[in-house]
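Trainee: Got a structure here, written out as structure tokens. Questions coming.
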Amino acid sequence: MKRIRIAGVLSFIIGAMAIVAGSQVLFFGKVAGYHVISWLPACNFAMGLVTVFVTTALIWKASRLALPAAVLTFLAHLAVMLTLLVGYRNVAARESLTAMSVRLIVWGIILSLLFLQRKKGRQP
């Protein structure tokens, strides 16, 4: 159960960070010192909301849907990263790529914790 709690806390933190980052640009007009791709703040905000209110809740409850939700969340972040790397190769700011890399690493850790918990024979 300890692994699930750690995964839930990590999920909440990374989701809350995405909400803050996206909302600062979307709602408060924060201007970054680098080029921000127009759709990325909205994507960050939306992914943060889904992470905090869906994925984290499922993980915290040790739902049988926690692992599939975490996998889908990871894949969504991976899709955004690949889009930035392929479609916006010379446009995406280093800061955006770094933020997505951090999210992918954290989600890799979360998935590892959930897979270890599952291997142990308990949900998720």
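Trainee: Among the residues of the range 13-53, count how many are outside any helix (DSSP H, G or I) and either small (Gly, Ala, Ser) or in contact with a Leu (Cβ under 6 Å, 6 or more places away or on another chain) (or both). Full working, then the answer.
Mentor: Looking only at the range 13-53, we keep the residues that are outside any helix (DSSP H, G or I), and these are 27-39.
Cutting the leftovers down to either small (Gly, Ala, Ser) or in contact with a Leu (Cβ under 6 Å, 6 or more places away or on another chain) (or both) gives us 29, 32-33, 38.
So the answer is 4.
Trainee: Filter the range 1-35 down to residues that are in contact with a Gly (Cβ under 7 Å, 6 or more places away or on another chain) and at pLDDT below 90, then give me how many there are.
Mentor: Selection size over the range 1-35: 0.
Trainee: Condition first: farther than 14 Å from His35 by Cβ, out of contact with any Cys (no Cβ under 9 Å at 6 or more places or on another chain) and of a type in the set (Lys, Arg). Can you find one or more residues in the range 83-93 that meet it? Explain how you work it out, then say what you get.
Mentor: So the first thing to find is which residues in the range 83-93 are farther than 14 Å from His35 by Cβ, and the list is 83, 85-87.
Filter once more, so that each one left must be out of contact with any Cys (no Cβ under 9 Å at 6 or more places or on another chain): 83, 85-87.
Keeping just the survivors that are of a type in the set (Lys, Arg) gives none.
No: zero hits.
Trainee: Hey, another quick one. How many residues are out of contact with any Gly (no Cβ under 8 Å at 6 or more places or on another chain) and part of a helix (DSSP H, G or I) if we restrict to the range 54-101? Even if it seems obvious, please write down each step before you answer.
Mentor: So in the range 54-101, the residues out of contact with any Gly (no Cβ under 8 Å at 6 or more places or on another chain) come out as 54, 57-58, 61-73, 75-101.
This time we only want the ones that are part of a helix (DSSP H, G or I), so: 54, 57-58, 66-73, 75-87, 94-101.
Going through the range 54-101 one residue at a time, the tally reaches 32.
Trainee: Return the only residue of Thr55, Thr73 being within 13 Å of Ile4 (Cα to Cα) and under 14 Å from the mean Cα position of the chain (by Cα).
Mentor: Values: Thr73 fails: within 13 Å of Ile4 (Cα to Cα).
Exactly one residue qualifies, and that residue is Thr55.
This table checks each residue for (1) acidic (Asp, Glu); (2) under 20 Å from Ile19 (Cα atoms); (3) buried (at least 18 other Cβ atoms within 10 Å of the Cβ).
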site: Leu82; (1), (2), (3): no, no, no
site: Gly87; (1), (2), (3): no, no, no
site: Asn90; (1), (2), (3): no, no, no
site: Ala93; (1), (2), (3): no, yes, no
site: Thr98; (1), (2), (3): no, yes, no
site: Arg103; (1), (2), (3): no, yes, yes
site: Ile110; (1), (2), (3): no, yes, yes
site: Leu114; (1), (2), (3): no, no, yes
site: Gln117; (1), (2), (3): no, no, yes
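Trainee: Also, I was wondering about something else. I need the full set of residues from the range 114-124 which are in a helix (DSSP H, G or I) and closer than 20 Å to Val50 by Cα, in order please. Before the answer, list the steps.
Mentor: Just the residues of the range 114-124 that are in a helix (DSSP H, G or I), to begin with: 114-119.
Scanning the range 114-124 gives a single hit, Leu114.
Trainee: Looking at (1) more than 13 Å from the chain's Cα centre (by Cα); (2) farther than 14 Å from Ala99 by Cβ, which one does Tyr34 not meet, given that it meets all the others?
Mentor: Only one criterion is unmet by Tyr34, namely (2).
Trainee: Further question: Taking the range 16-35 as the region of interest, how many residues are in contact (Cβ under 8 Å) with a residue 40 or more places away in the chain and crowded, with 16+ Cβ neighbours inside 10 Å?
Mentor: Within the range 16-35, the subset in contact (Cβ under 8 Å) with a residue 40 or more places away in the chain is 18, 21, 32, 34-35.
Checking the rest, the ones that are also crowded, with 16+ Cβ neighbours inside 10 Å come to 18, 21.
The number of residues fulfilling the criteria is 2.
The values are calculated or read from the model by the stated rules, or taken from the named source; none is laboratory data. All figures in this text were calculated on a predicted structure; none of them were measured in a lab. Every residue, glycine among them, receives a Cβ derived from its backbone with ideal geometry; neighbour counts consider all protein chains shown.
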